[in-house]
Structures are given as structure tokens and as C-alpha cells.
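A short worksheet on the structure shown next.
The values are calculated or read from the model by the stated rules, or taken from the named source; none is laboratory data. All values derive from a computational prediction rather than experimental measurement. Cβ placement follows ideal geometry from the backbone for every residue including glycine, while neighbour counts extend to all protein chains displayed.
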Amino acid sequence: MPNNLNYYLRLWNLRDPELLAQSPRSDVYAVYRNAEKAALKLLTPVGAEDESGGAVALHYFDGHGAVRLLNHDDGAHLLEYAGGEELAQMVWRGDDLAAAGIIAGVLNKLHHARPDVPPQLRTLRRRFRELFRKAARDAAAGKTSIYVRGARAAESLLANPQDECVLHGDIHHHNIRLHPVRGWLAYDPKGLYGERTYDAANTLCNPANARDRVMSEERLLKVTQALADGMGVRVGRLRAFVFAYACLSASWFGDDDDSDVKHQILTVAQNAERHGDFS
């Protein structure tokens, strides 16, 4: 699986690379294909495994609510360039509910029914497996932890799915950008299949650098109501998914991790647990 920049510049006839971002999963460059600006995402081995469904989902979405996939192979994705502001900036300016409305609108476009659902997408049950493992370890040790309760909530939600569709799988304020012509577009999907309500849950754990806002119970109630109204889903069920997802997100941290980010996520879980509909 090649991930060499020069290899892809030659392969897809690209030029003028400019590094935009680096992470353990990928290096992202702005490039030009003829006169068109694009984004070249070079995947690391970890990224190739973690984002194996991303290209599948983008191909399925076909530009509706998401950036277009221009080319791809196992080592790289060539994407439509959306260079406007990140949606997180709207929250940092204090327009949290407006941002929630935009997320709901993007999700409605992504979730619009289309033929030929890709069979290779991961299920939500597989997505939750780390939470199930963590809960099993805690239960075996006699702990009635928040992870045990979160796993029970996830089991209840997954046993009775509603409105299943292809999901982005990682929607939050840092994965939506403004395109100058096509409006707000999502990128970096995981590519999952399951109940559409799940896709809004990560919103409440974001954005970064908004600690007090993320940990606010009042914010959770207002934003989940705005998301539920915009998506046409039950607010109590969305809050239950927020609880289950926040427990899953916290389970990805090590047991000895006492970081502030993990603390924020567990606070979101505690707030959501008080208001979720787990029936």
C-alpha cells in the first residue's frame, strides 16, 4: 500500500502540494488537479484500517451533504476541496444552536435514502465493541461502573434499531466545513450502517476548546432538542445515544488516563444518562 506523496502526485496527475494537517491516521495536502483545487489524504497503515469504510461512504453519498470523492485506493483519498470555515468556529462565536441546525441539515442530506446500500460497511454493534469489552471487564471485577450502564444502554438501543441507513459515523463540528458554492459539507466519514439517531450523538462531545460548553447540562438539553427537531427523531432516544456514545468514547482512553478530555466526555455521559429514554 503506497503512501508516498510523489507516487500519488504522479498517479493522479497532481501538482503544488501544500501540507494542511498531520495525524497518526493521515497526512492531508492541498493539491491541484489541472485547475481544480483538491485535498489529497494519504493514509497511514492505522488510518487505512480505521477509515476503510470512509471511501465507500463518500462514494455512496455522492456529494449530497459531503465532499465528493474524486479518486481513491487503499492508500489515499482524493477529495473535493472545501476550504471555508470549520463549523466549530460558529460554536466558538456563541452560535451553538445555529451550528446544531446545520449539523441536522447535513445529516438529513447524508441519510437520504439511496439504492444499493454497500454491504461491506461496519455495523454499529461492531463500533461499540470496545465499550462492551470494557463493561465486561468491569462487571467481572464486580464494578457497576458507568461503562456497564452505558453498555446496557447500547444493547437496548441496538436491539431495537429505527430508521437504519448509511451513517457518516464521526459527525462533529470539526468534520464539517463551508464550501463557497455548495454550502456546509461533511468529510472524514468512518462509514457505518445503523440507526440514524446515532450520527448526531458525537455533536455533544464537541467542539474542542469549548470545555465549559461541552460539560454544561443545559447545553446538552438545548442542543439535543435542536438536533432532534431538525432531524425528526425522538429527543429522549437521541439523549440515550449520547449517553451510550460518550461511554464508548471514554472507553477508548486507557484506564489510567485522567486527562481533561476524558473527564469532559464522562461528564457528557452523566448529563445524558439523567435525561435519556432507554425504553
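Observations on the model:
- Residue that is farthest from L131 (Cα to Cα) [pool: residues in the stretch 236-260 that are aliphatic (A, V, I, L, M) and touching a Cys at 6+ places or on another chain (Cβ under 9 Å)]: V242
- Qualifying residue in the stretch 43-52 (condition: within 21 Å of M231 (Cα to Cα) and touching a strand residue (DSSP E or B) at 6+ places or on another chain (Cβ under 9 Å)): no
- Enumeration of residues in the stretch 32-69 that are without any contact (Cβ under 8 Å) to a residue 40 or more places away in the chain and in contact with a Lys or Arg (Cβ under 8 Å, 6 or more places away or on another chain): Y32, V46, G47
- Qualifying positions in the stretch 31-66 - assigned to a helix (DSSP H, G or I) and crowded, with 23+ Cβ neighbours inside 10 Å: G54, A57, L58, F61
One line per residue, one yes/no per condition, for (1) outside the structural domain of V56 (by TED's automatic domain parsing); (2) surrounded by fewer than 19 Cβ atoms within 10 Å (Cβ to Cβ); (3) under 20 Å from K143 (Cβ atoms):
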{"residue": "A210", "(1), (2), (3)": "yes, yes, no"}
{"residue": "E217", "(1), (2), (3)": "yes, yes, no"}
{"residue": "A244", "(1), (2), (3)": "yes, no, yes"}
{"residue": "Q264", "(1), (2), (3)": "yes, no, no"}
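- Here H112 passes the criteria (1) within 14 Å of A186 (Cα to Cα); (2) not assigned by TED's automatic domain parsing to the domain that holds P17 except the one numbered (1).
- Subset of the stretch 137-160 that is under 25 Å from R196 (Cβ atoms) and of a type in the set (D, E, K, R) - its residue that is nearest to the chain's Cα centre (by Cα): E155
- Unique match (being touching a residue at least 60 places away in the same chain (Cβ under 8 Å) and more than 22 Å from A272 (Cβ to Cβ)) among R122, R127, R149: R122
- Restricting the stretch 50-105 to residues that are in contact with a helix residue (DSSP H, G or I) (Cβ under 9 Å, 6 or more places away or on another chain) and polar (S, T, N, Q), the residue that is nearest to A201 (Cα to Cα): Q89
- Residue that is surrounded by the most Cβ atoms within 10 Å (Cβ to Cβ), among those in the stretch 1-30 that are of a type in the set (F, W, Y) and touching a residue at least 60 places away in the same chain (Cβ under 8 Å): Y8
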